[in-house]
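Rule-based calculations on the coordinates, nothing more; no lab input. Note that the structure is predicted; figures quoted are calculated from it, not measured. Neighbour counts run over all protein chains shown; Cβ positions are idealised from the backbone, glycine included.
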Amino acid sequence: MTQANPQVTVYSATWCAFCHAAKDYLDKKGVAYTDKDVDSDRSIAEEAMRVSGQTGIPVLDINGQIIIGFDRPRIDAALAATA
C-alpha cells in the first residue's frame, strides 16, 4: 500500500544540521513537504513554537502529529499512519 499523500510541514533553518538530516530523510522516502524557514520570518518561528510548545528545531508536522527533532522512528510511524 502506498502513502496517501500525507500533509507534512518542516520548520527548519539553513544552519541546522538536524533539519537538513530530516529533510534529506523525507526526500529519500519520496515524501513531499513544505519547508518553513524560521530564520526568514519571525511569524514562522512563532508558529513553530506555538505548534510544538518549545523553541528547538526541526519541528515536523505530519498530518497534525508534531515531532520535535529528527526522530526517525516517530517520523516513520506518523507516515505509516497515513498509509
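Add -39500 (n - 2.57) for each DSSP H run of 4 or more in the chain, then divide by its residues: what number comes out at 222 nm, to the nearest 500 deg cm²/dmol? Before the final figure, lay out each step's value.
Working: 3 runs with 33 residues, N = 83.
The helix contribution divided over the chain gives -12000 deg cm²/dmol.
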message: Using the basic label-point model (7 angstrom from Cα toward the beta carbon), what is the Asn5 to Arg74 distance in nanometres?
response: 2.7 nm
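If you average the sequence gap of Cα pairs under 8 Å that are 6 or more apart and divide by the length of the chain, what percent do you get for the contact order? Can you show the working numbers first?
Details: 125 pairs, mean separation 31.4, N = 83.
With pairs under 8 Å counted, the relative contact order is 38 percent.
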query: Across bins of 5 angstrom width beginning at 0, how are the C-alpha pair distances of the chain distributed, in whole percent?
result: 3, 16, 29, 27, 15, 7, 2, 0
message: Just to check I understand the Karplus step: with θ = phi - 60° and J = 6.51 cos²θ - 1.76 cosθ + 1.60, what whole-Hz values come out for region 24-29, glycine and proline as x?
response: 4, 4, 4, 4, 5, 7
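If we count other beta carbons within 10 Å of each Cβ, what is the order of Asp27, Asp61, Asp71, fewest first? Walk me through the numbers before you get to the answer.
Details: Asp27 11, Asp61 22, Asp71 15.
Neighbour counts put them in this order, fewest first: Asp27, Asp71, Asp61.
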